[in-house]
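Before any comments, here is the structure.
The values are calculated or read from the model by the stated rules, or taken from the named source; none is laboratory data. Just so you know, these numbers come straight off a predicted model, no measurement behind them. Quick reminder, even Gly has a Cβ in these numbers, built from the backbone with ideal geometry, and neighbours come from all protein chains shown.
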Amino acid sequence: MGTHLPSTEFDGTAVDDQREADAEAVMGEPPAPMVQLLGPDGKLGFDPVFTDYARKLTPEVLRGLYADMAAIRRFDVEATALQRQGQLALWVPLTGQEAAQIGSGRASQPQDYIFPTYREHGVALTRNVDLAELLRQFRGVSNGGWNPKDTNFHLYTLVLAAQTLHAVGYAMGIQRDQKLAATAAGTGNPAAEPAAAVIAYFGDGASSEGDVHESMVFASSYNAPVVFFCQNNHWAISVPTEVQTKVPLSNRAKGYGFPGIRVDGNDVIAVHAVTEWALEHARQGKGPVLIEAFTYRVGAHTTADDPTKYRQAAEEDAWKAKDPLARLEKYLRSEGMADQEFFAKVKADGDELAAYVRRTTHDLETPDIRTAFANTYAEAHPLVAEELAWFEEYSAGFAGEEPAANQARQAVTAQASPKAGH
Ligand SMILES: Cc1ncc(C[n+]2csc(CCOP(=O)(O)OP(=O)(O)O)c2C)c(N)n1
Ligand SMILES: [Mg+2]
């Protein structure tokens with residue numbers, strides 16, 4: 001009868017071929033194993049695509065990237081100390097991942113929207129989140145700590161990979177808002193509207209979650225303006241990356257039909273270049289990109305973890321030799337872009353930031369843990385009542401102790417409840 005129904009099969013059309021070719025073009029031919037511009041020796045290399053992006057970074061911007069990385073590392077030391085002093089229930093250190101976070105965060109623009117995990121303190125800094133506010137969540141004072149609308153930096157998500165779905169939904173919302181705005185403006189051309197993209201951060205461990213797969217399918221199908229930024233820090237608590245994947249994580253993008261790029265995550269210049277490229281790609285309506293930042297979690301998973309139980313010191317030492325700050329310092333010094341005075345100022349600024357964060361945290365109220373029990377369900381629940389009763393009995397065991405110590409212990413104990421999951 002001649003009725004033509006659309007095929008549900010891939011038919012090898014030019015469109016399919018083009019998508020594959022686009023994905024391959026970015027990987028290079030043969031695929032570049034890893035984009036690196038600034039090596040551990042502090043020398044700048046060349047990349048056919050990304051060197052042009054790196055050239056745009058002025059000495060002032062490069063000094064800024066160094067100052068950001070140094071600031072967040074100092075903050076990390078301070079937050080760890082605050083946790084050890086009982087001021088925070090838990091801390092999630094980022095040391096080693098400064099370049100991945102500062103490079104990608106600084107490549108984003110104010111209109112972009114960021115979905116972090118729980119370790120993106122460096123990205124938070126680049127989005128102007130008050131770092132003292134960020135600690136409220138780790139003290140249990142609030143469920144978040146900052147208003148995402150102020151900075152387009154979403155609240156931390158502790159449920160692994162859940163934020164990748166939120167990110168894709170948000171990116172699809174951006175697409176639709178742009179279409180509506182274009183229609184209202186009478187141009188009919190979405191590209192004429194201010195373009196924004198989304199970055200979804202997640203870890204190598206989280207990459208095994210079904211949520212990531214679903215996110216990538218949706219992002220590809222709808223050509224959503226989202227950059228998936230996977231920090232492969234080689235560990236998911238005590239599980240090494242080779243258990244999560246048998247191929248470079250960046251290779252997975254090809255299966256979804258979009259570009260995947262592995263970048264040296266300890267090279268802030270390359271991370272900035274690759275992320276800038278990916279965000280442009282997404283904002284221009286060309287669809288998603290997966291970036292795998294190859295880096296290392298130098299410290300523990302959290303302050304509740306002891307990595308000496310499951311990994312070798314030699315591995316840690318090998319990665320410390322690839323330190324992101326040290327290589328940029330070498331480069332800045334050798335090019336005469338920064339002198340001793342600059343590095344001394346960075347150190348002094350870091351100490352000032354740490355003092356501010358310490359002072360502000362000490363001034364934070366101690367949360368009444370009963371509120372957390374009260375907020376668990378809308379109505380009373382016998383299990384919650386039972387757990388509260390256990391907690392009150394446990395707390396009563398500290399009666400008669402010095403009040404401040406007692407309060408601090410309560411704050412910590414409450415967060416470290418058996419169901420905390422971290
Ligand atoms: C859905 C879910 N499963 C398990 C956990 C417990 N958990 C918290 S962090 C973590 C490891 C995550 O590793 P990775 O994704 O590599 O991120 P990293 O912590 O290394 O930054 C696990 C299993 C969780 N928070 N959410
Ligand atoms: Mg990891």
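Which count do you get for residues in segment 375-408 that are under 37 Å from the mean Cα position of the chain (by Cα), at pLDDT below 90 and among the aliphatic types (A, V, I, L, M)? Of the residues in that region, 3 qualify.
Conditions (1) within 16 Å of ligand 1 (Cβ to nearest atom); (2) touching a residue at least 60 places away in the same chain (Cβ under 8 Å); (3) touching a Lys or Arg at 6+ places or on another chain (Cβ under 6 Å), marked per residue:
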| residue | (1), (2), (3) |
| --- | --- |
| 210 | yes, no, no |
| 220 | no, yes, no |
| 224 | no, yes, no |
| 232 | yes, yes, no |
| 243 | yes, no, no |
| 274 | no, yes, no |
| 277 | no, yes, no |
| 283 | no, yes, no |
| 288 | no, yes, no |
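Considering each residue of segment 291-322, count those that are among the acidic types (Asp, Glu) and crowded, with 20+ Cβ neighbours inside 10 Å, and give that number.
Within segment 291-322, residues that are among the acidic types (Asp, Glu) and crowded, with 20+ Cβ neighbours inside 10 Å number 1.
Being modelled with pLDDT of 95 or more, of a type in the set (Phe, Trp, Tyr) and surrounded by fewer than 18 Cβ atoms within 10 Å (Cβ to Cβ), is that true of even one residue in segment 228-237?
No, segment 228-237 has no match at all.
Residues of segment 209-249 that are touching a strand residue (DSSP E or B) at 6+ places or on another chain (Cβ under 8 Å), within 16 Å of ligand 2 (Cβ to nearest atom) and among the polar types (S, T, N, Q): 231, 232, 233, 241, 244.
Are any of the residues in segment 261-268 in contact (Cβ under 8 Å) with a residue 60 or more places away in the chain and within 13 Å of ligand 2 (Cβ to nearest atom)?
Filtering segment 261-268 for residues in contact (Cβ under 8 Å) with a residue 60 or more places away in the chain gives 261-268.
Narrowing further to those that are within 13 Å of ligand 2 (Cβ to nearest atom): 265.
Yes, segment 261-268 has at least one match.
Yes/no per residue for (1) within 17 Å of residue 136 (Cβ to Cβ); (2) in contact (Cβ under 8 Å) with a residue 40 or more places away in the chain:
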residue: 349; (1), (2): no, yes
residue: 355; (1), (2): no, no
residue: 358; (1), (2): yes, yes
residue: 367; (1), (2): yes, yes
residue: 370; (1), (2): no, no
residue: 373; (1), (2): no, no
residue: 378; (1), (2): no, no
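If we scan segment 31-53, do we find a residue that is within 16 Å of ligand 1 (Cβ to nearest atom) and within 24 Å of residue 347 (Cα to Cα)? No, segment 31-53 has no match at all.
Against the test of being within 13 Å of ligand 2 (Cβ to nearest atom) and within 11 Å of residue 290 (Cα to Cα), the options 201, 256 yield a single qualifying residue, 201. Residues considered: 263, 346. Of these, the only one that is within 18 Å of the chain's Cα centre (by Cα) and among the β-branched types (Val, Ile, Thr) is 263.
Name the single residue, out of those in segment 195-212 being under 19 Å from residue 262 (Cβ atoms) and not aliphatic (A, V, I, L, M), that is surrounded by the fewest Cβ atoms within 10 Å (Cβ to Cβ). By that ranking, first place goes to 208. Residue count for segment 114-136 under the criterion of being in contact with a His (Cβ under 8 Å, 6 or more places away or on another chain) and outside any loop (DSSP other than H, G, I, E, B): the result is 4.
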